[in-house]
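Student: Sharing a structure below in structure tokens format, with a few things to ask.
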Amino acid sequence: MMFCGVLGWIHGVSSSGISHPLSLAGHWGRCIGDCGSGGVRSRAVWCTHAEGWSTFHANCDQRDKPESQRRCFKVCDWHLELFHWEVSGWDRCGLVPAAGAEAGAEGCVTAQHGLQRRSVRCLQKLNGSEFSGWSPCAKGCAPSLQHRTRAVIAPPLYGGAPCPNLTESRACAAPACALGEEEHTYSLRLGPWGECRLPHPKDTELPGRTMLDLGSDSGERSTPGLAGSHPHHRAGEVEIGYQTRQVRCVRSDGKHVALSLCPQDPVPVTSRSCVIPKDCSTSEWSPWSSCSRSCGWGSLAPGFRSRRRRVRSVAVGAGTPCPELEEREACGTGGKALLQPCPRFAWRTSEWKACQVSLLEQQDPRQQKQAGLCGGGIQTRVVYCVQILVEFGTPRLKEVARPVDGKLCQGPAPPSSQVCHLPCPAECVVSSWSPWGPCLPESCQHPLLFPGFRMRQRQVMVDPVGTVAGCPHLVESIPCEDPLCHEWVLSEGTCVTDRGKCGPGHRILKAVCKSRRGELGSGRESTLCSELPRPEVVPCEVPCARDCVVSEWSPWSPCSHSCSSKNAEGTQSRSRSILALPAQGGKACPPEQALQEQRACNDHPCVHFFWETSPWSSCSEDVLGTALNATVSWSGEATCGVGIQTRKVFCMKSSSGQVTAKRCPESVQPEAVRPCLLPCRKDCVVTLFSEWTPCPTACQPGNATAVKQSRYRIILQDSASGGQACPDTLYEERECEDIPICPVYRWKSHRWSPCVLVPESVRQGVPGQSELCGHGLQARAVTCLSELGGSADVGDCVHWAGPMPALVQECFVPCKDDCTFTPWSKFTACSSDCEATRSRRRSLTGRSRKRDKCQNTEVYPQVETEPCPCEVFTSQPHGNWSDCIIGGGPSELQPGMPSQGAAKECGQGVRLRAIACYDRSGALVEPSRCSSSGYIEEPCTVPCPFDCKLSDWSSWSPCSSSCGPGVRVRSKWLKEKPYNGGRPCPKLDLKNQVHEAVPCYSECNQYSWEVEPWSPCKIDSEQNSLHCGEGIQTRKVRCVSTAEDHGVETVPSTLCSQAEVPETVQKCSLYCPSECAVSEWGQWSPCPQVCDPNIMQTRTRQVLRASVGSKPCPEVSQMKPCILNQNCFQYQYNLTGWSGCQLGANATCGLGERRRLLSCRRSDGATVSMRLCQRLGLEKPVPTSSRCVVGCAVDCQLSPWSAWSQCSHTCGVGGQMVRGRSVLLRAAGEGRRCPEQLTQHRSCPVKPCYSWLLGPWSPCTVQGGHCGDGLQVRNLTCVVHDASASATSRPVENVLCGDLPSKESVLQLPCSVPCPGDCHLTEWSEWSSCELTCINGRSFETTGRQSRSRAFIVRSPENRDSCSGQEMETRPCPGGKCYDYLWQTSPWRDNVRTVWCQRSDGVNVTGGCPVRTRPAEIRRCSPACRKPFSYCTQRGVCGCERGYTEVMRSNGVLDYCVKVPGLEDKKADVKTIAGKNKPVNSKMHDIFKGWSIQPFNPDGKLKIWVYGVSAGGFFIIIFLIFTSYLMCKKTKQHQSPPPQQKPLTLAYDGDIDM
């Protein structure tokens, strides 16, 4: 406590040296913190004793503690671009003061050091626009001001300087007031209307009450409350009071004067009736509705909830209007339990339906052959969307098999159609019948127990596909007698004579037991033939030398018939010929009949038998289980067990039908039962019904048609194999139940009350207003009624019946001097003529009938006439024609109605063009007045695409080759060419045909040459009397085909190989008697498979009769080498090329088969029978067939057209309706491509647009006065237009525009007209453009700013000091731009130029540009040009006037000006005067000034060339003086000026006059 009073916070040192408590603080630190005004700087503060030592802070008084922190402006780098130094000019130089003296106190005696000062401020760049032009001066002689204003375009920021004055004013030069003219003017100022007040209770007893209870239906008068009491406000209650205002007379200098100085007729109204304002009242808010989002799935998007309130009473007068009646807010979980996961949705599909080939056909459906269609086709399925639920807490997905709206599924939908293949049915193809076999018993083990049969077979060449009928029977049989399983096959030996070399003898027969089925019997099996007779020796004869020689028997000819009948029996023959004639005494030749033999053949009857079968039955369950152990190979769909198939088997007779089974061989009887795999039973699978389409939640009018809802389900799998059939009902419809009917409420308006005027007590004292008449207000009650007529809440009518009818209206109580009339009568009736008019009348009433002024019909008309409304309308087409719409006119094309049935793509249609309908006055009306549809209709045609049409295929041609591979051909020819985008034709030949060739193969032994035996050798008897020797023999040759059941059939010879035609004529020898006779040559021995010329082939013949004499027999053997392609051939298989892809008979595309054929080719190139290659056992090449695909020409398939959309505009022009379709299947191959047009548009009928049109605000009008408070009004008009840019609006009845869009305050605004001498603010300027704070063109802000301002206007000089104040507003704005501010200068003019700041968008501004970089406005030379005849040039350096040249110092500064010598005094004077009065600033002067030659070096010494020029000039001057003297001596009267001294011009500055 001992230090108390002598300790203190030390913060400085006193200059007096007296010890007292001090506070001490350190220096302020750096400003830290946020950029701008948010910075903080700190300093240290400590407590110290007066003697200088420090102590604890507690020892000092805490109340006196200096601040240790203060706010500061933190300057960041980017601030340097926003602020600039404002520097004033240097002030007068003052002496440096001595100690304790003031600066500049002493005078300057001699050159001394002094001080200059200037102010330096850091300012933020501030922007303001340029000043406007000066306002005009007031008329008259009173002193007045004119002003000009500017607006703020950028506010001060970051502590910048405030905006300067936005107004400048200056006094007008007013003329002196003339005699009798007043200096001041006077104006009548109207004050604002006061508050609406209820009159004093005693005034309510006067006629015309002021308060009405409008809550009752009767509208009777109600008694007001007592004085000072406040009546209870009920709904619908209107109170009428009064309000007043002041009227004063104001002089032009703003002073109030006597009202009599402002004469005004009529006197302005100072009181009027008004409505006591009453605010709208509403009920409390209803509870919040449930949240619209009841589930969540990863998304944080909130739901919404809402609440409502009702109107209890509407606002009256200037009361507060009703607030919003509905409120919405976002809602979420709110921290409660987690929301259930929202359902997810996914695409699902049904199974593929059966492949439909007919969908690819483009012909008329009536001509389609539905049966037998095969190949490529299209199959479809249903694609639908289902809901997938994720059970809470489990990852398992649960699917709800109920279709939902496809819009809920994300991503592309799976395809609903695809190309498929339907196998083509193939008929069974079988080979030709084999020859009939021998008569065989059915069983060789027990041949006696079974009957015998002869049989023939054929093989299946192509298995059947997709046909109910299988292959035909493959075995035929004929019963026969004496069936044998085996037989002896005999071969003859040579003939051995009994005696000698010729004569009778015998042949020994070699017998081999052979199976009649074609198997050789072994030695053991020879016992099988032991029971058969076996001839061992056959007699024979060898001709002797003189005997006749006969050839061996020829082979038996083919049987003439394949079977025997009553009319034809089979026969065959053989023959032999005479080879040598007998000699005398020898054995004679046999007669001619003995040379022929004939026998019966194929003596079995032509009737044959075969087994026939019915088609297999369907696979059914095997009740007995016989098929369970059977082995069945099965590929395909899932199976469910083994079943059996059965069929009937019966024996058929070829001619008469079914016979007993004994007639057919039992060994080849087909099976009647076989095992099979049972297909699984498939029940029909359908989805659940979809949810019912929602019924409308909003209420419906009572007369609305019944609303229906529907649901559907989808077949996922059709039933099969006896499964449960699909239901018939896939679509259900029903009427919506419990749809709320909109309640019907209506406003009921009651009678208007009598007109309520201002109370008489208020009117007293106002001149000319003692009579109780004039303008007032009248009110009425408006109540809300329900549909049944009962009373209802006001809120119900506000919600359902529209705006409330007016409660108050203006009224007029005529004064005794006013004219009164009856109400207007109704308008007279109109005729049908559009030129007619209608009128209405009124008449004067009471005393008005006797007043003359009321008889003036121009002022008070008693008849009104107007033209009759005319129902004549004209239409104009509007917009372009629509696309050609197939499928009906506008009646079938209403919005929301989808197209029905299959979508037609072409044909007859209609195109539409919207119309606009106008009435007689040119106003737009509903288009239905001109056309029921609102369109002009015009038929149109969309050309249908036609595909190339060809004829049906012709029949196949025969195979081009009779032996080996060939070609069969068929063709089509063009019937119609394609057009309009139809499928193109295949490549056609010159005959407009297209051909198809397929390979074919003809067996080489199918057709063969048949030869008859050679005729007897014919000897030419004229040359040979012995009738023996060389001769000619002939035979017949024909081409035959061995057809089934017909034996040998002659065919055209062209079918047989022309290279192998047998000889029909040959030489022969008939051996003469006693000659050696030999047989015919035998066959050549075969050559080896590999031809070798060293190997010989031989042939032999036998000697049949030896010669009588010694003449030798001819050779009996011949040999020749085996030469390739002469008598030796090699064979190999040959493959043809692949054929084209061959489809089934009725297929147009899809899977097919291509083939190549196998043939046997001889080494010389000839195609021979396949048996020759088969006999050699050659390896066959594979494969000879393969699968192939012919691409299907799939046409584009489109969905039906969607419903027409709603019009894009509710009214006016430019509205469009659109409908679309989607691609279901893309085109493939040569199919028709999808059209480019997948949407169609049509213009909407031009409906009239009705809207309220606000007129412009009127000037501020002060009714009955000159200035003060008045009103601005604007009109609200209902207009009709077509919403186009160039639309002209025409006024129409207000009913067409519906409810008023705004309240009365929108149509009237209070305003004021300033009186002379008043100060007032201007209107707000326009908002400036949005600007960002930027550095080097880049901004660190996201939002910009824009500003506007109001300037203060001073009218009277007397009020200039008392008026102040201006207003500025700034608001954020989105976006914004960066602007640069640059100094702009005008050209120099007399060393003066204009400097201003300009923004980069071209706006001239005040502020914004840095002051430190401001260019100079006045150009001064430094140091100043004080030398005689010098001036400051444009370049800012001192130069000499015209007629003088500069002499410069070594530092480049002008030293003095030298007059150019040799100039005439007059001229020099002129130049001097010109130079003194006006420095030459022309550009030309500066150009030549740059060319002046400086005679001095920088060090001040004369240049060397100057001495030379001076010397030369001196001699020239002497010469000129001498010459002048001689000339002047002769003619003194004609003196001429001396010539120019050219050498001196080098030092001249280039004056252009020289």
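The values are calculated or read from the model by the stated rules, or taken from the named source; none is laboratory data. Bear in mind the structure is a predicted one, so any value in this text is a computation, not a measurement. When we count neighbours, we look across all protein chains shown, and the Cβ atoms used for this are built from the backbone with ideal geometry, even at glycine. For the accessible areas, the whole protein counts, side chains as well, though only heavy atoms, and no ligand, DNA or RNA atoms are used. Shrake-Rupley method; radii C 1.70, N 1.55, O 1.52, S 1.80 Å.
Student: Could you look through the stretch 377-391, keep only residues that are of a type outside the set (V, I, T) and within 25 Å of S690 (Cβ to Cβ), and pick out the one that is modelled with the lowest pLDDT? Talk me through it step by step, then tell me what you get.
Tutor: Taking the stretch 377-391 and keeping what is of a type outside the set (V, I, T), we get 377, 379, 381, 384-385, 387, 389, 391.
Narrowing further to those that are within 25 Å of S690 (Cβ to Cβ): 379, 381, 384-385, 387, 389, 391.
Numbers: Q379: 87, R381: 90, Y384: 91, C385: 91, Q387: 84, L389: 70, E391: 59.
Of everything passing the filter in the stretch 377-391, E391 is modelled with the lowest pLDDT.
Student: Write out, first by first residue and then by second, each pair whose Cβ atoms fall under 6 Å of each other, whose residues are 6+ apart or on separate chains, and whose first residue, in the stretch 1107-1124, is under 20 Å from L581 (Cβ atoms) while the second is assigned to a loop (DSSP other than H, G, I, E, B) and open to solvent by less than 60 Å² (accessible area, probe 1.4 Å).
Tutor: From residues that are under 20 Å from L581 (Cβ atoms), the pairs are S1107/E1075; S1107/C1076; V1108/A545; V1108/S1074; C1113/C1076.
Student: With the requirement that a residue be touching a residue at least 40 places away in the same chain (Cβ under 8 Å), among the polar types (S, T, N, Q) and either in contact with a strand residue (DSSP E or B) (Cβ under 7 Å, 6 or more places away or on another chain) or surrounded by 17 or more Cβ atoms within 10 Å (Cβ to Cβ) (or both), what does the stretch 659-688 give you?
Tutor: The answer is Q669, T687.
Matching residues to (1) in a strand (DSSP E or B); (2) in contact with an Asp or Glu (Cβ under 6 Å, 6 or more places away or on another chain); (3) at pLDDT 85 or above:
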{"position": "G1344", "(1), (2), (3)": "yes, yes, yes"}
{"position": "S1349", "(1), (2), (3)": "yes, no, yes"}
{"position": "D1361", "(1), (2), (3)": "no, no, no"}
{"position": "G1365", "(1), (2), (3)": "no, no, no"}
{"position": "T1370", "(1), (2), (3)": "yes, no, yes"}
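Student: Scan the stretch 981-1015 residue by residue and report those that are touching a residue at least 60 places away in the same chain (Cβ under 8 Å) and either closer than 30 Å to R1233 by Cβ or touching a His at 6+ places or on another chain (Cβ under 8 Å) (or both).
Tutor: Once the filter is applied, which keeps residues that are touching a residue at least 60 places away in the same chain (Cβ under 8 Å) and either closer than 30 Å to R1233 by Cβ or touching a His at 6+ places or on another chain (Cβ under 8 Å) (or both), the stretch 981-1015 yields G981, G982, R983, P984, E996.
Student: Which ones in the stretch 784-808 are in contact (Cβ under 8 Å) with a residue 12 or more places away in the chain, over 54 Å from the mean Cα position of the chain (by Cα) and open to solvent by 70 Å² or more (accessible area, probe 1.4 Å)?
Tutor: none
Student: Kindly provide the set of residues from the stretch 945-967 that are open to solvent by 40 Å² or more (accessible area, probe 1.4 Å), in contact with an Asp or Glu (Cβ under 8 Å, 6 or more places away or on another chain), without any contact (Cβ under 8 Å) to a residue 40 or more places away in the chain and not basic (K, R), ordered by number.
Tutor: Within the stretch 945-967, F946 is the sole residue that qualifies.
Student: For the stretch 968-985, which positions are assigned to a loop (DSSP other than H, G, I, E, B) and loosely packed, with under 13 Cβ neighbours inside 10 Å? It would help to see each step written out before you state the result.
Tutor: Within the stretch 968-985, the subset assigned to a loop (DSSP other than H, G, I, E, B) is 977-978, 980-985.
If the condition is that a residue be assigned to a loop (DSSP other than H, G, I, E, B) and loosely packed, with under 13 Cβ neighbours inside 10 Å, then N980, P984 are the ones that fit.
Student: Is it the case, given these coordinates, that C439 is open to solvent by less than 50 Å² (accessible area, probe 1.4 Å) and farther than 29 Å from H608 by Cα? It would help to see each step written out before you state the result.
Tutor: Working: open to solvent by less than 50 Å² (accessible area, probe 1.4 Å): yes; farther than 29 Å from H608 by Cα: no.
Spelling it out, it is not the case that C439 is open to solvent by less than 50 Å² (accessible area, probe 1.4 Å) and farther than 29 Å from H608 by Cα.
Student: So which residues in the stretch 913-944 are in a strand (DSSP E or B) and without any contact (Cβ under 8 Å) to a residue 40 or more places away in the chain, if there are any at all? Lay out the reasoning, then the answer.
Tutor: Here is the first cut: in the stretch 913-944, the ones in a strand (DSSP E or B) are 913-918, 924-925, 935-942.
Within the stretch 913-944, just P939 meets the criteria.
Student: Restricting to the stretch 831-860, what's the tally of residues that are open to solvent by less than 60 Å² (accessible area, probe 1.4 Å), of a type outside the set (D, E, K, R) and assigned to a loop (DSSP other than H, G, I, E, B)?
Tutor: 4
Student: Still on this structure: Conditions: (1) among the aliphatic types (A, V, I, L, M); (2) open to solvent by less than 30 Å² (accessible area, probe 1.4 Å); (3) modelled with pLDDT of 85 or more. I1032 meets all but one. Number of the miss?
Tutor: Unmet for I1032, out of (1) among the aliphatic types (A, V, I, L, M); (2) open to solvent by less than 30 Å² (accessible area, probe 1.4 Å); (3) modelled with pLDDT of 85 or more: (2).
Student: Which number in (1) farther than 23 Å from G1513 by Cβ; (2) surrounded by 15 or more Cβ atoms within 10 Å (Cβ to Cβ); (3) over 60 Å from the mean Cα position of the chain (by Cα); (4) among the small types (G, A, S) marks the one condition that G1443 misses?
Tutor: Tallying (1) farther than 23 Å from G1513 by Cβ; (2) surrounded by 15 or more Cβ atoms within 10 Å (Cβ to Cβ); (3) over 60 Å from the mean Cα position of the chain (by Cα); (4) among the small types (G, A, S), G1443 fails exactly one: (1).
Student: Something else: Would the stretch 685-692 turn up any residue that is in a strand (DSSP E or B) and farther than 30 Å from C784 by Cβ?
Tutor: Quick first cut of the stretch 685-692, residues in a strand (DSSP E or B) only: 685-686.
So of that shortlist, the ones also farther than 30 Å from C784 by Cβ come out as 685-686.
Checking the stretch 685-692: at least one residue is in a strand (DSSP E or B) and farther than 30 Å from C784 by Cβ.
Student: Under 8 Å by Cβ, and 6 or more places apart or on different chains, what pairs join a residue from the stretch 646-657 that is of a type in the set (V, I, T) with one that is assigned to a strand (DSSP E or B)?
Tutor: Sorted first by the residue in the stretch 646-657, then by its partner, the pairs are T646/V673; V649/W611; V649/E612; V649/T613.
Student: Please verify whether the stretch 491-507 includes one or more residues that are at pLDDT 80 or above and over 30 Å from Q1102 (Cβ atoms).
Tutor: Looking for residues that are at pLDDT 80 or above and over 30 Å from Q1102 (Cβ atoms), one finds none in the stretch 491-507, hence no.
Student: Could you look through the stretch 1066-1097, keep only residues that are free of Cβ contacts under 8 Å to residues at least 24 places away in the same chain and closer than 30 Å to I1019 by Cα, and pick out the one that is surrounded by the fewest Cβ atoms within 10 Å (Cβ to Cβ)?
Tutor: The first filter runs over the stretch 1066-1097 and keeps only residues free of Cβ contacts under 8 Å to residues at least 24 places away in the same chain, leaving 1082-1083, 1085-1086.
From the residues that got through so far, the ones that are closer than 30 Å to I1019 by Cα too are 1082-1083.
Values: G1082: 13, Q1083: 8.
This residue is Q1083.
Student: Out of R458, R454, which single residue is farther than 22 Å from K514 by Cβ, among the basic types (K, R) and either at pLDDT 80 or above or in contact with a strand residue (DSSP E or B) (Cβ under 7 Å, 6 or more places away or on another chain) (or both)? Steps first, please.
Tutor: On the way: R454 fails: farther than 22 Å from K514 by Cβ.
Being farther than 22 Å from K514 by Cβ, among the basic types (K, R) and either at pLDDT 80 or above or in contact with a strand residue (DSSP E or B) (Cβ under 7 Å, 6 or more places away or on another chain) (or both) holds for just one of R458, R454, which is R458.
This table checks each residue for (1) of a type in the set (S, T, N, Q); (2) under 30 Å from E237 (Cα atoms); (3) free of Cβ contacts under 8 Å to residues at least 40 places away in the same chain.
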{"residue": "S690", "(1), (2), (3)": "yes, no, no"}
{"residue": "S710", "(1), (2), (3)": "yes, no, yes"}
{"residue": "A725", "(1), (2), (3)": "no, no, no"}
{"residue": "C736", "(1), (2), (3)": "no, no, no"}
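Student: Is there a residue in the stretch 529-550 that is surrounded by 15 or more Cβ atoms within 10 Å (Cβ to Cβ), at pLDDT below 80, farther than 30 Å from S1110 by Cβ and in contact with a strand residue (DSSP E or B) (Cβ under 6 Å, 6 or more places away or on another chain)? Steps first, answer last, please.
Tutor: At the first step, the residues of the stretch 529-550 found to be surrounded by 15 or more Cβ atoms within 10 Å (Cβ to Cβ) are 529, 540-550.
Adding the requirement that they be at pLDDT below 80 leaves 529.
Still in the list and also farther than 30 Å from S1110 by Cβ: 529.
Filter once more, keeping what is in contact with a strand residue (DSSP E or B) (Cβ under 6 Å, 6 or more places away or on another chain): 529.
Yes: one or more hits.
Student: Determine which member of the set S931, S921, S955 is of a type in the set (S, T, Y) and closer than 30 Å to R1156 by Cβ.
Tutor: Working: S931 fails: closer than 30 Å to R1156 by Cβ; S921 fails: closer than 30 Å to R1156 by Cβ.
After ruling out the rest, the residue left standing is S955.
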